[in-house]
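Only one structure is covered here, and it is reproduced in the block below.
The values are calculated or read from the model by the stated rules, or taken from the named source; none is laboratory data. This one's a predicted model, so the numbers in the text were calculated from it and none came from an experiment. We place every Cβ from the backbone using ideal geometry, glycine too, and count neighbours over all the protein chains shown. In case anyone asks, the SASA skips ligands and DNA or RNA and just uses the protein heavy atoms, side chains included. Shrake-Rupley method; radii C 1.70, N 1.55, O 1.52, S 1.80 Å.
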Amino acid sequence: MKFFSRYSFFFKSIYEYREYLLQSVLRDLRKKYKRSVLGYLWSMLGPLFTMIVLTVVFSNLLPRVHNYSVFLFSGLLGWQYFQQTLNSGMPSIQSNMRIVEQVPIPKFIFVISTSCSGIVNFMLALVPLLLVMIVVGQPLQWTALLFPIVFIPLMILTLGFALLFAVATVFFDDVKHLSRILLSAWYYLTPVLYGPELMPPHVLRWLQFNPLFAPVDQLRGLFYRGTLPELLPYAYSLAFGVVILGLALWIYERCDDKFVYFA
Amino acid sequence: MNSAQDGFFEEDIIDLESSKKDARNALKQVAGDSSHSVGKETDKIAIDVKNVTVRYRAYAERPGSLKEHILRFLHKGKVRYYSSFDALSNVSFQVEKGKFIGIIGSNGAGKSTLLKTLSGVIRPIVGEVFCNGSVDSLIKLGAGFDRELNAIENIYLYGSLHKISRDDIKERVSKILDFSELHEFAYTPVKYYSSGMYARLGFACAIDMNPDILLVDEVLAVGDERFRIKCSKVMNELLDSGKTIVMVSHNIATLERRADTIGVLSKGKLLYYGDPSEAVKIYRDDLRYETSLDGNRLS
């Protein structure tokens, strides 16, 4: 029962602080490009250049894949959202200590705001993806319109892990270093550079336990292959996300009173 | 954070976790699960503080690594790298609506802790805080400001942090800029502001939230004479309209002149709560007593 009351408090707080979430996303966008000439274009150029570099390297290694640039880009989308939100969400409670000291605000709001900024970046990255698809002559798939459905479990998972890490960072500096190692390993366990069809079945079986495996691959399915997501992996990721976010909220609740002493 | 007290770094004998749990459980039975409540109780009372104790953990230099926590877990609580002390112990007082309350005390007496407890940021381990109406605090000016943003963007950010809708903030922007006299610099990032300008913006924002209870720490010292007069005018208007102000200050003379009631804190205890001139006398005695103790220690 407590599990549900925690979640209802979570959603209630998001509703109460919706204006702050909007303002802090605007803040992040404004700050990011304050002194740059190209401004918001960087949100699109960043993923584009990552894609180009990786394509140059890997398209020769994996010549079997048709239009590797689109294949890679559609895989990078989900992963980059996860990675960016985790990296910026992790220090978010700590860096907002001045607010924590003065306003009785639920601290997970700061993590949610970084996740919202991540969503905006995700949307912006869709623009260069479409451009690349047109340039290399990859047919556009109608299934691409379904991306919000696949995004939901990814969003919940990301929020759960980011909150878990954000709470831990307040108390242990070690988490920052730990996460760097964790993320680089996680990157290779997630089908970004490769697809599940390139993996031998006995390896694939184990890889599918990675909760990020399905969302990243399914996003690629929608944009690149034009296939609909399979239900079982989808449900697995969604359930994993709900449990991990619940766990994060439980730990958050237990530490709630102690944050202010670390200001 | 409050500074060193006697026995600051001595290992404490009290098991914090269990005493905290006991206190919480006792509290649950008395007051439901909430130790900080906002709502209506009696219409005349603005703040009601009952037997409040706040316990701080004084951590050793390192906030603790994962290894230490694992060790501690394995030893079942035998490794402890912090000691604790009471920043507030058994503090009780009531504030009527429309009053100006001063809180004085030497450094580390628990003044800021008291304000943070009133604002609901710190939850006491024992006791209850009741605030009748909305509370806003000026503990550090411009908490919630982003130094890279300009004044207008910061007003939006600050307002949204206090759950004010965009349309409402829109109406307030020019009023806030008027009061803080920053129209000229409205589009300058606040990191280029002087500390006085920054303080003016922070104060104007907080005042504009129109809280029922305003908590003010030593933050107005930065403004110039003119701005200070302006601030005290606004605070008088607030008081006249039935709002309550609790102010912490080392400017004893001003507080003695203006406050309706003064509370004297010393080492987390409320020595006195009442008539301003009497309070100042007790505060001075307490200072003299502490100085004499220091003298003894030195010799």
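Hey, B:LEU149 hits all of (1) in the same structural domain as B:ALA199 (by TED's automatic domain parsing); (2) at pLDDT below 85 but one; which does it fall short on?
(2)
Considering only the stretch A:169-190, how many residues are free of Cβ contacts under 8 Å to residues at least 24 places away in the same chain and buried (at least 21 other Cβ atoms within 10 Å of the Cβ)? Steps first, answer last, please.
First, pick out the residues of the stretch A:169-190 that are free of Cβ contacts under 8 Å to residues at least 24 places away in the same chain: A:172-174, A:177-178, A:180-182, A:184-185, A:188.
Going one step further and asking which of them are buried (at least 21 other Cβ atoms within 10 Å of the Cβ), we end up with none.
Counting residues in the stretch A:169-190 that are free of Cβ contacts under 8 Å to residues at least 24 places away in the same chain and buried (at least 21 other Cβ atoms within 10 Å of the Cβ) gives 0.
A:VAL127: modelled with pLDDT of 85 or more, in contact with a helix residue (DSSP H, G or I) (Cβ under 7 Å, 6 or more places away or on another chain), part of a helix (DSSP H, G or I) and surrounded by fewer than 18 Cβ atoms within 10 Å (Cβ to Cβ), yes or no? Give the derivation first.
Working: modelled with pLDDT of 85 or more: yes; in contact with a helix residue (DSSP H, G or I) (Cβ under 7 Å, 6 or more places away or on another chain): yes; part of a helix (DSSP H, G or I): yes; surrounded by fewer than 18 Cβ atoms within 10 Å (Cβ to Cβ): yes.
When the stated conditions are applied, A:VAL127 passes them.
Go through the stretch B:87-121 and report how many residues are more than 11 Å from chain A (Cβ to nearest Cβ) and free of Cβ contacts under 8 Å to residues at least 40 places away in the same chain. Working first, answer last.
Step one: of the stretch B:87-121, the residues more than 11 Å from chain A (Cβ to nearest Cβ) are B:88-111, B:114.
Narrowing further to those that are free of Cβ contacts under 8 Å to residues at least 40 places away in the same chain: none.
The total comes to 0.
Those residues that are crowded, with 24+ Cβ neighbours inside 10 Å and β-branched (Val, Ile, Thr), I need them from the stretch B:254-269; list them, please. Spell out how you get there, then give the answer.
Looking only at the stretch B:254-269, we keep the residues that are crowded, with 24+ Cβ neighbours inside 10 Å, and these are B:262-265, B:268.
Hits for the stretch B:254-269 are B:ILE262, B:VAL264.
Does the stretch A:3-22 contain any residue that is surrounded by 18 or more Cβ atoms within 10 Å (Cβ to Cβ) and among the polar types (S, T, N, Q)?
Within the stretch A:3-22, none of the residues are surrounded by 18 or more Cβ atoms within 10 Å (Cβ to Cβ) and among the polar types (S, T, N, Q).
Considering each of B:LYS163, B:LYS140 in turn, give the residue that is without any contact (Cβ under 8 Å) to a residue 12 or more places away in the chain and within 22 Å of the chain's Cα centre (by Cα). Before the answer, list the steps.
Numbers: B:LYS140 fails: without any contact (Cβ under 8 Å) to a residue 12 or more places away in the chain.
From the options B:LYS163, B:LYS140, the qualifying one is B:LYS163.
Just give me the residues in the stretch B:153-168 being charged (D, E, K, R), facing chain A (nearest Cβ under 8 Å) and open to solvent by 40 Å² or more (accessible area, probe 1.4 Å), in sequence order. Write out each step before concluding.
The initial filter retains those residues of the stretch B:153-168 that are charged (D, E, K, R), namely B:153, B:163, B:166-168.
Next, only the ones that are facing chain A (nearest Cβ under 8 Å) stay: B:153, B:163, B:166.
Answer for the stretch B:153-168, where residues must be charged (D, E, K, R), facing chain A (nearest Cβ under 8 Å) and open to solvent by 40 Å² or more (accessible area, probe 1.4 Å): B:LYS163, B:ARG166.
What number of residues within the stretch A:29-47 satisfy the criterion of being touching a helix residue (DSSP H, G or I) at 6+ places or on another chain (Cβ under 6 Å) and either surrounded by 19 or more Cβ atoms within 10 Å (Cβ to Cβ) or in a loop (DSSP other than H, G, I, E, B) (or both)?
Of the stretch A:29-47, the ones touching a helix residue (DSSP H, G or I) at 6+ places or on another chain (Cβ under 6 Å) are A:43-44, A:47.
Of the ones still in play, those that are also either surrounded by 19 or more Cβ atoms within 10 Å (Cβ to Cβ) or in a loop (DSSP other than H, G, I, E, B) (or both) are A:43, A:47.
So the answer is 2.
Give the stretch B:110-122 a look and list any residue that's crowded, with 21+ Cβ neighbours inside 10 Å and of a type outside the set (Ser, Thr, Tyr), or say none.
Scanning the stretch B:110-122 gives B:GLY110, B:LYS111, B:LEU114, B:LEU115, B:LYS116, B:LEU118, B:VAL121, B:ILE122.
Spot the failing condition for B:VAL135; the list is (1) touching a Ser or Thr at 6+ places or on another chain (Cβ under 7 Å); (2) away from chain A (no Cβ under 11 Å), and only one is missed.
All conditions pass for B:VAL135, except number (2).
Being touching a helix residue (DSSP H, G or I) at 6+ places or on another chain (Cβ under 8 Å), closer than 28 Å to B:SER92 by Cα and among the polar types (S, T, N, Q) narrows it down to one residue among B:SER266, B:SER241; which is it?
Values: B:SER241 fails: touching a helix residue (DSSP H, G or I) at 6+ places or on another chain (Cβ under 8 Å).
Within the list B:SER266, B:SER241, the selection yields B:SER266.
Give just the number: which of (1) within 14 Å of another protein chain (Cβ to nearest Cβ); (2) closer than 20 Å to A:ARG18 by Cα does B:GLU171 not satisfy?
If we test B:GLU171 against (1) within 14 Å of another protein chain (Cβ to nearest Cβ); (2) closer than 20 Å to A:ARG18 by Cα, just (1) comes out false.
For the stretch B:179-221, give me the residue count where each residue is surrounded by 17 or more Cβ atoms within 10 Å (Cβ to Cβ) and either in a helix (DSSP H, G or I) or basic (Lys, Arg) (or both).
Summing the residues that are surrounded by 17 or more Cβ atoms within 10 Å (Cβ to Cβ) and either in a helix (DSSP H, G or I) or basic (Lys, Arg) (or both) in the stretch B:179-221 gives 17.
Assess whether A:ALA166 counts as being away from every other protein chain (no Cβ under 14 Å) and either open to solvent by less than 10 Å² (accessible area, probe 1.4 Å) or among the polar types (S, T, N, Q) (or both).
Values: away from every other protein chain (no Cβ under 14 Å): yes; either open to solvent by less than 10 Å² (accessible area, probe 1.4 Å) or among the polar types (S, T, N, Q) (or both): yes.
Answer is yes for this residue.
If I go through the stretch A:85-102 residue by residue, how many of them are part of a loop (DSSP other than H, G, I, E, B) and at the interface with chain B (Cβ under 9 Å from one of its Cβ atoms)?
We begin by selecting, within the stretch A:85-102, every residue part of a loop (DSSP other than H, G, I, E, B); these are A:90-91, A:96, A:101-102.
From the residues that got through so far, the ones that are at the interface with chain B (Cβ under 9 Å from one of its Cβ atoms) too are A:96, A:101-102.
The qualifying residues number 3.
Being within 10 Å of another protein chain (Cβ to nearest Cβ) and not acidic (Asp, Glu) is the filter here; which residues of the stretch A:1-21 pass it?
Restricting attention to the stretch A:1-21, the residues satisfying the condition of being within 10 Å of another protein chain (Cβ to nearest Cβ) are A:16-21.
A:TYR17, A:ARG18, A:TYR20, A:LEU21 - these are the residues of the stretch A:1-21 that are within 10 Å of another protein chain (Cβ to nearest Cβ) and not acidic (Asp, Glu).
On the given criteria, is B:ASP294 under 26 Å from B:ARG55 (Cα atoms), within 18 Å of the chain's Cα centre (by Cα) and modelled with pLDDT under 85? Spell out how you get there, then give the answer.
On the way: under 26 Å from B:ARG55 (Cα atoms): yes; within 18 Å of the chain's Cα centre (by Cα): no; modelled with pLDDT under 85: yes.
Against the criterion (under 26 Å from B:ARG55 (Cα atoms), within 18 Å of the chain's Cα centre (by Cα) and modelled with pLDDT under 85), B:ASP294 does not qualify.
Return the only residue of A:SER36, A:SER24 being within 14 Å of another protein chain (Cβ to nearest Cβ), modelled with pLDDT of 90 or more and over 20 Å from A:PRO215 (Cβ atoms). Walk me through how you get there before you give the answer.
Working: A:SER36 fails: modelled with pLDDT of 90 or more.
It is A:SER24.
Every residue, every condition in (1) touching a strand residue (DSSP E or B) at 6+ places or on another chain (Cβ under 9 Å); (2) more than 25 Å from A:ALA239 (Cα to Cα); (3) open to solvent by less than 20 Å² (accessible area, probe 1.4 Å); (4) acidic (Asp, Glu), yes or no:
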{"site": "A:VAL111", "(1), (2), (3), (4)": "no, no, yes, no"}
{"site": "A:MET123", "(1), (2), (3), (4)": "no, no, no, no"}
{"site": "A:LEU140", "(1), (2), (3), (4)": "no, yes, no, no"}
{"site": "A:HIS202", "(1), (2), (3), (4)": "no, no, no, no"}
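Scan the stretch A:211-263 for residues that are among the charged types (D, E, K, R), open to solvent by 50 Å² or more (accessible area, probe 1.4 Å) and more than 14 Å from every other protein chain (Cβ to nearest Cβ) and jot them down.
Within the stretch A:211-263, A:ARG225, A:GLU230 meet the criteria.
Among the residues of the stretch B:141-152, which ones are facing another protein chain (nearest Cβ under 7 Å) and closer than 19 Å to A:ILE109 by Cα? Let's see the steps before the verdict.
The initial filter retains those residues of the stretch B:141-152 that are facing another protein chain (nearest Cβ under 7 Å), namely B:143-144, B:146, B:148-149.
Answer for the stretch B:141-152, where residues must be facing another protein chain (nearest Cβ under 7 Å) and closer than 19 Å to A:ILE109 by Cα: B:ALA143, B:GLY144, B:ASP146.
For A:ASN60, only one of the following conditions fails: (1) assigned to a helix (DSSP H, G or I); (2) at pLDDT 80 or above; (3) open to solvent by 90 Å² or more (accessible area, probe 1.4 Å). What is its number?
(2)
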